[in-house]
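Undergrad: After the structure tokens below, expect a handful of questions from me.
The values are calculated or read from the model by the stated rules, or taken from the named source; none is laboratory data. Bear in mind that the values here come from a model prediction, so they are computed numbers and not experimental data. Glycine gets a Cβ as well: all are built from the backbone with ideal geometry, and neighbour counts include every protein chain shown. Areas reflect the complete protein model, heavy atoms only, side chains present, ligands, DNA and RNA absent. Shrake-Rupley method; radii C 1.70, N 1.55, O 1.52, S 1.80 Å.
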Amino acid sequence: MTKNHKLAKWLELRIPYDAKGRNSIVEASCQEYLKQRQQLKILDLGAGTGANCRYYLSKISQDQEWFLVEQNQELLEIAFDRLIVWAEENGYDSQLQNLTLVLNNQVDKITIHRIVGSILDLENLIDLNTFDLAVANAVFDLFSENQFQTLLECLKKYQLSLLATLNYTGTNFIPQTEEDSNFIKYYDQHMQRLQDFGRGMGPDCGSSMWEAMKGIGMKGLQGESPWEISSDDPVFLQLLLGFMEESIPEILEEATLQDQLNTWLLKKRHMIDQNQLSCNIAHQDFWGYWE
Ligand SMILES: C[S@@+](CC[C@H](N)C(=O)[O-])C[C@H]1O[C@@H](n2cnc3c(N)ncnc32)[C@H](O)[C@@H]1O
């Protein structure tokens, strides 16, 4: 399986957890703000395989025009395949015209464009003048504070509101063991390791994003959007441990810690096999608009 197909599989598996976790007050506040508009033109930033767009499609009653912005072209191609399946399952005819997908039923029209490029280069990719909203799911914990600030400055220029959901803020295993906090700390530190763009906000994104939004004059709302992963979902729990297993060694300096990590992972995997481990992952949702 290629790296992109593995990522696409993960993005699909997280959909029910995202759906359950999304903060209903934050979402309702955004819907209330947009309800008077006849049609909606929406940017999905870091669209991946289109899960976020698919989530909102049936929640919006107006005609919709979407622009999926994603740096990974293959994920966007998968996104269109999945949107076509979604259309079939939801009673829409679909027509693919090059980089645009048009979905129609007797009442509604949905147009979806795909754009390969960076969220940080939005102005050069699209004319931002006529948009109603930007959404982003599970994206900004990957961004540095500076990158998020750059995006906010761009949104401010076009008075574009933002609904940013499922931004990671922390992990908790249940039951907890003494070593958990150590390895969760390494996992979180890995998200904040130095990369070519700086350090990702990782688990600090909750406070950093909120400060940045207030600082630039955005009004809005912040709320929790937790995942509660029960011991009945060993596949998902094993995948989570897999991310830890891949990432933590990149920042471990001592070999002895690698041995401790292996022992810890082994114990956790054993508990998962016995249906004795569950996990809570904390996230935050943000709704921001301009007055
Ligand atoms: C965790 S995935 C979430 C995908 C999708 N929003 C979802 O909910 O399934 C994060 C996505 O953001 C994309 N991404 C990260 N930084 C980006 C950037 N600067 N410009 C465009 N896409 C970006 C990644 O390629 C990845 O597909």
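Undergrad: What tally of residues in segment 90-103 results from selecting those that are assigned to a strand (DSSP E or B) and either under 18 Å from Lys59 (Cα atoms) or in contact (Cβ under 8 Å) with a residue 40 or more places away in the chain (or both)?
TA: 2
Undergrad: Next question, about the same structure. I'm checking my understanding of the structure. Among residues of segment 63-114 that are within 30 Å of Lys3 (Cα to Cα), open to solvent by less than 30 Å² (accessible area, probe 1.4 Å) and among the β-branched types (Val, Ile, Thr), which one is nearest to the ligand (Cβ to nearest atom)?
TA: Per the stated criteria, the residue is Val69.
Undergrad: Scan segment 25-47 and tell me whether some residue there is over 30 Å from Thr169 (Cα atoms) and open to solvent by less than 50 Å² (accessible area, probe 1.4 Å). So that I can check it myself, show each step before the final result.
TA: Within segment 25-47, the subset over 30 Å from Thr169 (Cα atoms) is 35-40.
After this cut, where a residue has to be open to solvent by less than 50 Å² (accessible area, probe 1.4 Å) as well, the list is 40.
Within segment 25-47 (the criterion being over 30 Å from Thr169 (Cα atoms) and open to solvent by less than 50 Å² (accessible area, probe 1.4 Å)), the answer is yes, since at least one residue qualifies.
Undergrad: Right, another one. Report yes if Tyr55 is touching a helix residue (DSSP H, G or I) at 6+ places or on another chain (Cβ under 7 Å), within 13 Å of the ligand (Cβ to nearest atom), closer than 19 Å to Gln284 by Cβ and open to solvent by less than 80 Å² (accessible area, probe 1.4 Å), otherwise no. Explain how you work it out, then say what you get.
TA: Working: touching a helix residue (DSSP H, G or I) at 6+ places or on another chain (Cβ under 7 Å): yes; within 13 Å of the ligand (Cβ to nearest atom): yes; closer than 19 Å to Gln284 by Cβ: yes; open to solvent by less than 80 Å² (accessible area, probe 1.4 Å): yes.
Yes: the conditions hold for Tyr55.
Undergrad: Could you count how many residues in segment 234-256 are without any contact (Cβ under 8 Å) to a residue 12 or more places away in the chain and over 24 Å from Arg14 (Cα atoms)?
TA: Residues flagged as without any contact (Cβ under 8 Å) to a residue 12 or more places away in the chain and over 24 Å from Arg14 (Cα atoms) within segment 234-256 amount to 4.
Undergrad: Does Leu122 satisfy the criteria of being open to solvent by less than 50 Å² (accessible area, probe 1.4 Å), more than 30 Å from Asn275 (Cα to Cα), touching a Cys at 6+ places or on another chain (Cβ under 9 Å) and not in a helix (DSSP H, G or I)?
TA: Spelling it out, it is not the case that Leu122 is open to solvent by less than 50 Å² (accessible area, probe 1.4 Å), more than 30 Å from Asn275 (Cα to Cα), touching a Cys at 6+ places or on another chain (Cβ under 9 Å) and not in a helix (DSSP H, G or I).
Undergrad: Continuing with the same structure: Take Arg22 and tell me if it is over 20 Å from Ala164 (Cβ atoms) and within 14 Å of the ligand (Cβ to nearest atom).
TA: no
Undergrad: Oh, and also: What do you reckon, is Leu122 among the hydrophobic types (A, V, I, L, M, F, W, C) and away from the ligand (no atom under 16 Å from the Cβ)?
TA: no
Undergrad: Next up: Please state which of the following conditions Ala87 fails to meet, knowing it meets all the rest: (1) more than 20 Å from the chain's Cα centre (by Cα); (2) in contact (Cβ under 8 Å) with a residue 24 or more places away in the chain; (3) not in a strand (DSSP E or B).
TA: Every condition holds for Ala87 apart from (2).
Undergrad: Something else about it: What is the residue count in segment 126-148 for residues that are open to solvent by 60 Å² or more (accessible area, probe 1.4 Å) and modelled with pLDDT of 95 or more?
TA: Number of matching residues: 5.
Undergrad: Kindly check whether there is at least one residue in segment 4-22 that is in contact with a strand residue (DSSP E or B) (Cβ under 6 Å, 6 or more places away or on another chain), in contact (Cβ under 8 Å) with a residue 12 or more places away in the chain and open to solvent by 70 Å² or more (accessible area, probe 1.4 Å).
TA: Looking through segment 4-22, none of the residues is in contact with a strand residue (DSSP E or B) (Cβ under 6 Å, 6 or more places away or on another chain), in contact (Cβ under 8 Å) with a residue 12 or more places away in the chain and open to solvent by 70 Å² or more (accessible area, probe 1.4 Å).
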